[in-house]
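The values are calculated or read from the model by the stated rules, or taken from the named source; none is laboratory data. Because the structure is predicted, anything quoted here is derived from the model rather than measured. When we count neighbours, we look across all protein chains shown, and the Cβ atoms used for this are built from the backbone with ideal geometry, even at glycine. Surface accessibility is based on the protein's heavy atoms, side chains included, excluding ligands, DNA and RNA. Shrake-Rupley method; radii C 1.70, N 1.55, O 1.52, S 1.80 Å.
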Amino acid sequence: MISEITIGQYYTGDSLLHRMDPRMKFDLTFLLVVFVFACKSFFSLALVAMFTLVAILFSSVPLKMILRSIKPIVIIILFTAVLNIIYTTGGETYFKWRSIEITEKGINTAIFMAVRIILLVVISSLLTYTTTPTSLTDAIERLLSPLSVFHIKVHTLAMMMTLALRFIPTLIEEIDRIMNAQKARGAELETGGLIARSKALVPVFIPLMVSSFRRAYELAFAMTCRCYTGGEGRTRMKQMKLRARDFLALFTVIAVIAGIFVLNHFFEAVI
Amino acid sequence: MMAPALEIKNLTHYYYKGTKNQIAAVENVSLTVEKGETLGIIGHTGSGKSTLISHFNGLLKPDEGEVIVDGKNIFENKETLRQSRFKVGLCFQYPEYQLFEETVYKDIAFGPKNMKLPSEEIDRRVQNAAKLAGVKQELLNKSPFDLSGGEKRRAAIAGVMSMEPEVLVLDEPAAGLDPAGRLDLIKMIRHYRDVTGCTVIIVSHSMEDIARIADRVCVLANAKVAMHGTVKEVYSKGDELRSMGLNVPEITRIMLMLREKGIDVPADIYSPDDAVSAVRNYIEGRRGV
């Protein structure tokens, strides 16, 4: 059934990572992603991998879920690996056929790149696994609030995003209902070629559009009735507060970053 | 013997099947609806009414049990399933949200068109359904989105009637209408039934509406059939109904209270008008003695 699709990939839990301030989580994820690119040797990359593994253990998200987040990019990983093996040359040559040469450096680079991509994806999906979409938008709103100097309405943007997320399940339910109603009138939505199928969607999308606009008007009206005037002077129900655990996480990440540079310095660079 | 219009045998449907949240939305429900009969299905919110009726035309597949329309199991093959869509016309709650065509005429014609009927036949059906559902002739060339709420509802119901189903299933057809609108709509459905002789199944939580139209009533509670019988039989068990979160019509309750006081008025009274004449009869009867 269509209503079983989950939005985002939040994994319900109450772990240390779940309870962290979303702003701190967002910042630290950003820092880590940036500094994964600063890794030059296998050892500094291994340090980040170790840290990520520990973070996964602390997050209570099952390893199976983490692996699932890698699944969609397997092809990209394989593709870059193959390109790297073929186009990077240097060191000992293992295999040569016409202009194709597989060398030690090529293989090292391929492995390095693959691990780097996997780390990037795992680190960022750890953020979305442990943070609900709403608190994520909250965090983004707060982090972008300096932009209001440039007259960018950060609050409005965040509110739009929150509302959009809020209405996804509602609209999925609505699609389900409309599809059933049209199927009851003999509409065939699941058979036929591409053109027949897209044509068959018209009776679903028009009512969906109409009801989305109706909902939008109703919501705007309800918000106006409750004196919503935008972000100015608005307080929040859920106050975000930095706690000891957030600073602990911050120091750990800083230590990891320092470790990256130290290891880069002492060990041979792969790229 | 004539096959019943619709037969449900030991139907069970689970939600979240196979997970730890598995719950039966409909549990072991059996039901027989004879041709030409009007059945009312009553139940509290969440009693499984809507899930049950979605099986009648194969929108949902039962986890256990069978759905037999006109003597044939509808899940036998693709063709029987497709035919069941046209034999059992299902009209969901708030059907006006399914309108989509440029004109009311085209929208009512959507069902017959899907049946691949010749255009003269489609035209005949649209005109006939519009008349039966009380959609005025001048509205047919208007956009359905320009209609009033009540007109939209009728246009949408006409869109199901135009398939000329053997069984018409209506889920809360009068929901959200004012009392006068409700009464009009029930009258319209009654007229439709009398003219076409079709089987009608009407789902509602309004005991008044059901009493005005149904021959037999089936009460659903907690995914199971809790009571089954004629309107009179079911409505006389006020206490049991109350325990299921349902209430007999207010006027019926007054009649039952009068009877408890030893005043011999009939218990099967479901409208204030009938009550007035019943009480008048009673008083006149006493004077006559």
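When the stretch B:61-74 is examined, which residues are found to be farther than 23 Å from residue B:198 by Cβ and either within 14 Å of chain A (Cβ to nearest Cβ) or touching a Gly at 6+ places or on another chain (Cβ under 9 Å) (or both)?
B:61, B:63
Can you tell me how many residues within the stretch B:146-171 are open to solvent by 10 Å² or more (accessible area, probe 1.4 Å), within 14 Å of another protein chain (Cβ to nearest Cβ) and under 19 Å from residue B:94 (Cβ atoms)?
4
Quick one: which of A:162, A:235 is outside any helix (DSSP H, G or I) and among the polar types (S, T, N, Q)?
Of A:162, A:235, the one residue that is outside any helix (DSSP H, G or I) and among the polar types (S, T, N, Q) is A:235.
What number of residues within the stretch B:232-251 are of a type outside the set (A, V, I, L, M, F, W, C) and in contact with a Phe, Trp or Tyr (Cβ under 6 Å, 6 or more places away or on another chain)?
The qualifying residues number 1.
Residues being within 14 Å of chain A (Cβ to nearest Cβ), polar (S, T, N, Q) and not in a loop (DSSP other than H, G, I, E, B): count how many of those fall in the stretch B:23-60.
Adding up the residues that qualify gives 2.
One residue is enough: does the stretch A:106-120 have a residue meeting the conditions touching a residue at least 40 places away in the same chain (Cβ under 8 Å), over 21 Å from residue A:32 (Cα atoms) and surrounded by 14 or more Cβ atoms within 10 Å (Cβ to Cβ)?
Yes: one or more hits.
Applying the selection to the stretch B:82-95, what residues are assigned to a strand (DSSP E or B) and more than 8 Å from chain A (Cβ to nearest Cβ)?
B:88
Consider residue B:230 against the criteria (1) among the β-branched types (Val, Ile, Thr); (2) at pLDDT below 95; (3) crowded, with 16+ Cβ neighbours inside 10 Å: it satisfies all of them except one. Which criterion is unmet?
(3)
From the residues in the stretch A:170-221 that are assigned to a helix (DSSP H, G or I), free of Cβ contacts under 8 Å to residues at least 60 places away in the same chain and among the β-branched types (Val, Ile, Thr), which one is farthest from the other protein chains (Cβ to nearest Cβ)?
The qualifying residue farthest from the other protein chains (Cβ to nearest Cβ) is A:195.
Grab the helices (runs of 4 or more DSSP H) fully contained in the stretch B:148-219, keeping just those with 3 or more residues being within 19 Å of residue A:180 (Cβ to Cβ).
Fully inside the stretch B:148-219 and qualifying: B:149-161.
Specify the residue that is farthest from the other protein chains (Cβ to nearest Cβ); the eligible residues are those in the stretch B:101-116 that are more than 18 Å from residue B:57 (Cβ to Cβ) and not in a helix (DSSP H, G or I).
Restricting to residues being more than 18 Å from residue B:57 (Cβ to Cβ) and not in a helix (DSSP H, G or I), the top hit is B:103.
Does residue A:186 fit the bill of being open to solvent by less than 70 Å² (accessible area, probe 1.4 Å), out of contact with any Asp or Glu (no Cβ under 6 Å at 6 or more places or on another chain) and at pLDDT below 95?
The answer is yes for residue A:186.
Yes or no: residue B:98 touching a strand residue (DSSP E or B) at 6+ places or on another chain (Cβ under 7 Å), within 10 Å of another protein chain (Cβ to nearest Cβ) and under 26 Å from residue B:137 (Cα atoms)?
No; evaluated as a whole, the condition is false for this residue.
Please go through the stretch B:243-289 and give me each residue that is of a type in the set (A, V, I, L, M, F, W, C), assigned to a helix (DSSP H, G or I) and surrounded by fewer than 15 Cβ atoms within 10 Å (Cβ to Cβ), ordered by number.
B:257, B:276, B:283
Within the stretch A:91-147, work out how many residues are acidic (Asp, Glu) and under 30 Å from residue A:19 (Cα atoms).
Number of matching residues: 2.
Considering only the stretch A:137-147, state which residues are surrounded by 13 or more Cβ atoms within 10 Å (Cβ to Cβ) and without any contact (Cβ under 8 Å) to a residue 40 or more places away in the chain.
Matches in the stretch A:137-147: A:137, A:141, A:144, A:145.
For residue A:59, all conditions in the list (1) open to solvent by less than 90 Å² (accessible area, probe 1.4 Å); (2) closer than 25 Å to residue A:105 by Cα hold save one; what is the number of the exception?
(2)
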